[in-house]
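Undergrad: Input: one structure, supplied below.
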Amino acid sequence: DSGVTQTPKHLITATGQRVTLRCSPRSGDLSVYWYQQSLDQGLQFLIQYYNGEERAKGNILERFSAQQFPDLHSELNLSSLELGDSALYFCASSVADSGGSYEQYFGPGTRLTVT
Amino acid sequence: AQKVTQAQTEISVVEKEDVTLDCVYETRDTTYYLFWYKQPPSGELVFLIRRNSFDEQNEISGRYSWNFQKSTSSFNFTITASQVVDSAVYFCALSGLLSGAGSYQLTFGKGTKLSVIP
């Protein structure tokens, strides 16, 4: 158990809908990262927040957005969903800002299926 | 730009055999970090090891060992006396300055699926 929690575990929704994925980092970690894992693209970095502020953006679509709240939990919002958005979405956390200097601990993931 | 290549898509070994998972990386950074993660069938990603670019010492942890060679840009992972519980997808990752992101982020390889047959 990494200490990172994600809800829900599974999500099935229809095209065009909007969903929110939730992540709570490990106790003491200030950085939260979101990743998408799909069969064709592999594991891709989406976005990072550090202590409530957006720190870095990767391959995140404009239809996707995220935020980190004062209690450090984070939410990833996916809107106007398309079939291609079906994937496993991971949240990870680390103690500090730098995405590389410190190991990231991953949550169990949310499997999103868009039908 | 940075890139991680795991040329072995799938490997099958018989229990108790040794197996090496290859990882080759590309980066222009002089300071970077390399990682290995394990993804068992249950789906979660488990951190295994982190190495920085200045430390080329090999590392051993139980049945796991890692060989970092800067000259060949490789960071290979060996499992000795494999067990069925080692069956998983293993990802090598590189942390460097991600183009466009403006910060150090992880770039993952495509993963190697290891099946250990009893």
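Undergrad: Which one is nearest to the other protein chains (Cβ to nearest Cβ), of the residues in the stretch B:16-55 that are under 27 Å from residue B:85 (Cβ atoms) and loosely packed, with under 13 Cβ neighbours inside 10 Å?
TA: B:42
Undergrad: Search the stretch A:1-38 for residues being aliphatic (A, V, I, L, M) and more than 10 Å from chain B (Cβ to nearest Cβ), and hand back the single one that is surrounded by the fewest Cβ atoms within 10 Å (Cβ to Cβ).
TA: A:14
Undergrad: Would you check which residues across the stretch B:62-86 are in contact with a Leu (Cβ under 6 Å, 6 or more places away or on another chain) and under 11 Å from residue B:34 (Cα atoms) and list them?
TA: Scanning the stretch B:62-86 gives a single hit, B:75.
Undergrad: Name, by its number, the condition in (1) more than 11 Å from the chain's Cα centre (by Cα); (2) more than 10 Å from chain A (Cβ to nearest Cβ); (3) crowded, with 21+ Cβ neighbours inside 10 Å that does not hold for residue B:107.
TA: Only one criterion is unmet by residue B:107, namely (2).
Residue-by-condition table, conditions (1) within 30 Å of residue B:54 (Cβ to Cβ); (2) at pLDDT 95 or above; (3) part of a strand (DSSP E or B):
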residue	(1), (2), (3)
A:48	yes, no, yes
A:56	yes, no, yes
A:72	no, yes, no
A:77	no, yes, yes
A:81	no, yes, no
A:88	no, yes, yes
A:98	yes, no, no
A:103	yes, no, no
A:112	no, yes, yes
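Undergrad: Exactly one condition in (1) within 22 Å of residue A:104 (Cβ to Cβ); (2) in a loop (DSSP other than H, G, I, E, B); (3) free of Cβ contacts under 8 Å to residues at least 60 places away in the same chain is not met by residue B:77; state its number.
TA: (2)
Undergrad: Let me ask another. Residues in the stretch A:54-68: is at least one closer than 17 Å to residue B:93 by Cα and within 11 Å of chain B (Cβ to nearest Cβ)?
TA: Yes: the stretch A:54-68 contains one or more residues that are closer than 17 Å to residue B:93 by Cα and within 11 Å of chain B (Cβ to nearest Cβ).
Undergrad: Now a separate question. Taking the stretch A:69-99, which residues are away from chain B (no Cβ under 14 Å), surrounded by 15 or more Cβ atoms within 10 Å (Cβ to Cβ) and not hydrophobic (A, V, I, L, M, F, W, C)?
TA: Within the stretch A:69-99, A:73, A:74, A:75, A:79, A:85, A:86 qualify.
Undergrad: Take residue A:66 and tell me if it is under 18 Å from residue A:23 (Cα atoms) and in contact (Cβ under 8 Å) with a residue 40 or more places away in the chain.
TA: Against the criterion (under 18 Å from residue A:23 (Cα atoms) and in contact (Cβ under 8 Å) with a residue 40 or more places away in the chain), residue A:66 does not qualify.
Undergrad: Which residues, counting only those in the stretch A:29-46, are hydrophobic (A, V, I, L, M, F, W, C) and either farther than 16 Å from residue A:93 by Cβ or in a strand (DSSP E or B) (or both)?
TA: A:32, A:34, A:39, A:43, A:45, A:46
Undergrad: Can you give me the ranges of the strands (runs of 3 or more DSSP E) entirely in the stretch B:1-62 with at least 2 residues that are in contact (Cβ under 8 Å) with a residue 12 or more places away in the chain, on the phi < 0 side of the Ramachandran plot and not hydrophobic (A, V, I, L, M, F, W, C)?
TA: B:3-5, B:10-14, B:24-26, B:33-39, B:46-52
The values are calculated or read from the model by the stated rules, or taken from the named source; none is laboratory data. Because the structure is a prediction, the values reported are computed rather than measured. All Cβ positions, glycine included, derive from the backbone under ideal geometry; neighbour counts span all protein chains shown.
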